[in-house]
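This report refers to the structure that appears directly beneath it.
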Amino acid sequence: MNMLRRPRRNRKSEVIRNMVEETRISVKDFILPLFLLDGKNQKIEVASMPGIYRYSSDLLLKEIESCMNLGIMAFDIFPAYPESKKDKTATESYNPDTFYLKAISSVKNHFPEACVMTDVAMDPYSSDGHDGLVIDGKIVNDDTLEILGKMALAQAEAGADILGPSDMMDGRVGYIRNVLDQNGFQDVSIMSYTAKYASAFYNPFRDALDSAPKAGDKKTYQMDPANISEALIEAELDVTEGADFLMVKPALAYLDIIRLLKDNFNIPIAAYNVSGEYAMIKASAANGWLDGERAMLESLLSIKRAGANIILSYFAKEFAQLQKQRN
Ligand code: PBG
């Protein structure tokens with residue numbers, strides 16, 4: 001057969017395949033989400049997320065150290081509060097003595113070179129289980145901003161490097177930026193959950209934190225999975241309001257949105273490979289239905305290939321371990 005172009009020639013050996021590989025993931029691309037509990041010497045596995053634990057702060061420090069030894073340097077810490085600490089206005093979120101804020105300070109004191117990200121939303125502290133303030137069954141936007149502002153300031157005071165508003169209230173990035181700047185926290189970054197969809201893939205996370213909404217769903221603030229142009233509106237607002245990074249969440253079912261934001265905005269794009277995406281691979285691997293390691297690598301690669309500069313993933317440590325074994 002006479003063919004001038006034979007694309008298979010560039011696939012004929014591992015060396016050549018490596019040379020022409022267009023997308024590479026590195027441990028430096030990751031932020032590892034971690035779940036925090038109150039107390040001491042606690043390490044409890046999340047039932048729907050095999051291999052992922054909720055740690056008390058003493059053990060969290062150990063886990064962070066072991067991840068740093070593998071080259072993972074950025075961590076997004078989420079607190080699991082008991083029902084007794086929750087109320088309608090998420091008061092516990094800005095109590096300076098609360099275990100979450102103390103843990104953030106302690107991580108930064110032990111590991112100043114680590115990058116600590118926090119979550120700004122009411123759900124872990126709210127007796128309604130919503131990201132915003134619920135009045136007469138409605139999530140009220142502007143009153144929520146005041147609470148988020150207090151929460152953000154408390155997290156900045158505790159030493160957070162990056163704040164992650166995940167609440168999807170209108171105007172929150174600008175509001176939080178303003179509160180930070182007025183209080184001397186110009187250097188604290190904001191990674192906005194820009195295009196956060198009302199997704200079925202968050203359930204294992206809500207199990208981990210026991211933070212599911214008590215009534216209703218999150219559709220009046222999180223985006224409709226059917227929408228694309230709305231992501232551009234959200235992104236434009238976040239950029240104008242001072243976000244340092246834009247995030248798309250979930251990642252795998254929204255690769256088109258990652259690419260869209262990458263092509264349209266000149267700031268770094270992050271993608272959150274969420275709990276349900278982790279659980280799906282773990283569950284099928286446990287059943288022997290697919291090769292978990294390969295499925296993990298392929299999905300992480302697809303997120304990077306779609307245009308994400310930063311990947312938040314529960315797989316970060318496993319990826320780093322695999323990378324180390326192979327080198
Ligand atoms: C809280 C928050 C959620 C996630 C991150 N921050 C849950 C939600 O919005 O219901 C989900 C993360 C995951 O599923 O891994 N606002």
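Structure notes:
- Summarising the amide proton neighbourhood of A74: residues at separation of 5 or more, or on other chains, whose placed amide H is nearer than 5 Å comprise L32, C115.
- Rounded to the nearest 500, the 222 nm mean residue ellipticity of the chain from helices alone is -12000 deg cm²/dmol, with -39,500 (n - 2.57) taken per DSSP H run of at least 4 residues.
- Axis angle, to the nearest 10 degrees, between helix 275-286 and the longest C-alpha principal axis of the chain: 50 degrees.
- Accessible area in the full protein assembly, largest first, 1.4 Å probe, for F75, F201: F201, F75
- Compared with the dominant principal axis of the Cα atoms in the chain, helix 172-182 is inclined by about 70°.
- Contact order normalised by residue count of the chain, Cα under 8 Å, 6+ apart, percent: 18 percent
- Across the protein chains, with a 1.4 Å probe defining accessible surface, the residues H110, H130 rank H110, H130 from largest area downward.
- For a straight C-alpha distance cut-off of 19 angstrom, the aspartates and glutamates reachable from K108 (same-chain residues fewer than eight places away being disregarded) are D38, D58, E63, E65, D76, D97, D119, E157, D161, D187.
- Three-way shape label, region 24-326, alpha-carbon gyration tensor, a/c 1.5: rounded
- Pairs of Lys in region 226-327 closer than 23 Å at Cα, counting only those 8 or more apart or on different chains: 10
- Among the protein heavy atoms, those of Y175 account for about 80 Å² of accessible surface (1.4 Å probe, every chain in place).
- Summing +1 for each Lys or Arg and -1 for each Asp or Glu among the other residues whose beta-carbon sits under 11 angstrom from that of S192 gives -1.
- On a per residue basis, region 24-326 carries 42 Å² of accessible surface, using protein heavy atoms and a 1.4 Å probe.
- For region 299-306, 3J(HN,Hα) per residue [Karplus equation, 6.51 cos²θ - 1.76 cosθ + 1.60, θ = phi - 60°, Hz, x = Gly/Pro]: 5, 4, 4, 5, 5, 5, 4, 5
- For region 192-327: rounded, prolate or oblate by the Cα gyration tensor [a/c cutoff 1.5]: oblate
- Angle of helix 255-264 to the longest C-alpha principal axis of the chain, folded into 0 to 90 degrees and rounded to 10: 80°.
- Long-range amide H partners of Q42 with built H, under 5 Å: S56, L59
- Just checking the listed ones, G292, G164, G242: in the Gaussian network model of the chain with Cα springs under 10 Å, the one fluctuating most is G292.
- The spacing between region 48-74 and region 237-279, judged by their C-alpha centroids, is 24 Å.
- Solvent-accessible surface (1.4 Å probe) assigned to Y202 amounts to roughly 10 Å².
- Only protein atoms count toward the accessible area here, which uses a 1.4 Å probe; on region 24-326, the carbon and sulfur part of that area reaches 50 percent.
The values are calculated or read from the model by the stated rules, or taken from the named source; none is laboratory data. Small disclaimer: the values here were computed from a predicted structure and weren't measured. Cβ: placed from backbone, ideal geometry, glycine included. Neighbour counts: every protein chain shown. With ligands, DNA and RNA removed, areas are computed over all heavy atoms of the protein, side chains included. Shrake-Rupley method; radii C 1.70, N 1.55, O 1.52, S 1.80 Å.
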